[in-house]
Amino acid sequence: MQILDGKIVSQAVKDDLKQKTAELISKGGKTPHLAAILIGNNGASETYVASKVKNCEEVGYNSSLIRFETSVDEATLISTIEKLNADDDIDGILVQLPLPKSINEDKIISLIHPDKDVDGFHPMSIGKMIQGLPTFLPATPYGILLMLEHYKIETKGKYAVVIGRSNIVGRPISILLNRNTYPGNCTVTVCHSHTHNLKEICLQGDIIIAALGIPEFLKNDMVKEGAVVIDVGITRVPDTTKKSGFSIKGDVDFTNVAPKCSYISPVPGGVGMMTIAALLMNTFNAAKIKSEK
Ligand code: NAD
């Protein structure tokens with residue numbers, strides 16, 4: 001069994017980006033600049049955004065963090081996005097999800113200019129992804145692809161089972177694994193909360209992507225010997241032994257599933273770090289495209 005180590009792979013991606021960024025700037029291109037919008041004070045969202053900003057610094061990008069109270073009205077948010085869309089120095093815009101219930105998430109995401117949609121959630125980006133056209137891929141699925149690539153995991157002809165069908169993880173990774181390219185060429189089944197015989201389906205999976213948000217859902221008796229298991233889940237569970245009062249759990253019962261796997265990603269230290277690496281890749285590409293115009 002080999003661990004799919006998000007720390008190692010994301011560091012390799014960042015080292016490469018740091019070099020490419022220095023090259024881009026030395027050739028007269030622009031310094032990539034990511035703008036992140038954070039609303040409210042959800043602990044997990046704060047941590048993710050802080051990490052995204054810190055990682056931008058690490059690779060030599062500029063970043064701007066724009067914060068609002070939960071009570072922010074939609075009009076303020078819309079005018080902020082419009083300003084960022086019009087600002088030539090900003091290459092990428094991300095709105096940290098989830099948004100407060102009073103704000104229409106789909107509407108806000110669709111306002112981000114597709115050329116700056118580095119999270120890859122805009123309907124235009126998703127449409128291009130489905131058609132196999134060049135675009136920004138959604139960050140978490142893209143991170144999973146980078147991980148499969150790094151470990152040279154064979155995907156052609158494999159049976160992939162994706163658990164979860166969200167717009168940001170399950171559905172896009174199912175489409176990407178099904179593309180006629182590497183990583184891809186899998187036969188994919190997408191499971192969700194209404195799927196019958198989920199255990200039987202998972203037992204066929206050469207590759208299983210668990211993205212449902214239920215801690216330790218995927219058990220040892222649901223996985224065949226030699227499977228590649230990728231755990232996307234991140235759930236904070238109360239833990240009095242931790243200073244923070246919680247620990248992070250994935251969707252896979254790692255201790256009991258890992259011995260059966262050929263490869264498995266841990267939580268933490270797996271896909272989460274790859275999501276940030278993918279976001280940095282998209283931001284670099286946005287700046288490069290602009291520099292070449
Ligand atoms: P979501 O809540 O939007 O979707 C969950 C999906 O799981 C739904 O499609 C639902 O049908 C399915 N589901 C729920 N219960 C199920 C069951 N019993 N059996 C089968 N399917 C079931 O979730 P999401 O936004 O895709 O996030 C999923 C998990 O991934 C969460 O823990 C989230 O925190 C994590 N996540 C991690 C990253 C990362 O960078 N690692 C990024 C995004 C999300």
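So, in Å, what gap is there between the alpha-carbon centers of region 110-151 and region 56-88? A separation of 20 Å, based on Cα centres. Run the quick spin-label model on Q204 and S71: label points 7 Å from Cα toward the beta carbon, then report their separation in nm to one decimal. Going from the Q204 label point to the S71 one covers 5.4 nm. Size of region 28-116: Rg and Dmax of its alpha carbons, in Å, are 13.0, 43. Residues in region 24-112 average 48 Å² of solvent-accessible surface per residue, probe 1.4 Å, ligands and nucleic acids excluded.
Stokes-Einstein diffusion coefficient for region 229-270 at 37 °C in a medium of 0.692 mPa s, Rh from the Kirkwood formula over Cα pairs: what value in µm²/s?
Working: Rh = 11.0 Å.
Here the translational diffusion coefficient equals 299 µm²/s.
State in Å² the accessible area per residue of region 139-272; use a 1.4 Å probe, count heavy atoms of protein chains only, and round to the nearest integer.
That works out to 46 Å² for each residue.
On a per residue basis, the convex hull of the C-alpha atoms belonging to region 73-134 measures out at 78 Å³.
Can you give the relative contact order of region 139-272 as a percent, counting alpha carbon pairs under 8 Å and 6+ residues apart? Mind dumping the intermediate values first?
On the way: 288 pairs, mean separation 28.5, N = 134.
Reported relative contact order: 21 percent.
What does the net charge come to around S63 if you take all other residues with beta carbon closer than 11 Å to its beta carbon, with K and R at +1 and D and E at -1? Intermediate values should be presented prior to the final figure.
Numbers: positive: K52, K54; negative: E57, E58, D91.
Net local charge, S63 excluded: -1.
For the chain, what class follows from the C-alpha gyration tensor (a ≥ b ≥ c being the square roots of its eigenvalues): rounded when a/c is under 1.5, otherwise prolate if a/b is larger than b/c, else oblate? Taking the square roots of the gyration eigenvalues as a ≥ b ≥ c, the chain is prolate.
Local charge sum around V223 (other residues, Cβ-Cβ under 11 Å, Lys/Arg +1, Asp/Glu -1)? Net charge around V223: 0. Considering only S51, S110, S71, the Gaussian network model of the chain with Cα springs below 10 Å gives its largest mean-square fluctuation to S71.
Taken over region 139-272, the alpha-carbon convex hull comes to 107 cubic angstrom per residue.
By accessible area, using a 1.4 Å probe on protein heavy atoms only, the chain has 53% of its surface on carbon and sulfur.
The values are calculated or read from the model by the stated rules, or taken from the named source; none is laboratory data. Model, not experiment: these values are computed from the prediction. For neighbour counting, all protein chains shown are included, and Cβ atoms are generated from backbone atoms with ideal geometry for every residue, glycine included. Ligands, DNA and RNA are excluded from the accessible area calculation, which covers all protein heavy atoms including side chains. Shrake-Rupley method; radii C 1.70, N 1.55, O 1.52, S 1.80 Å.
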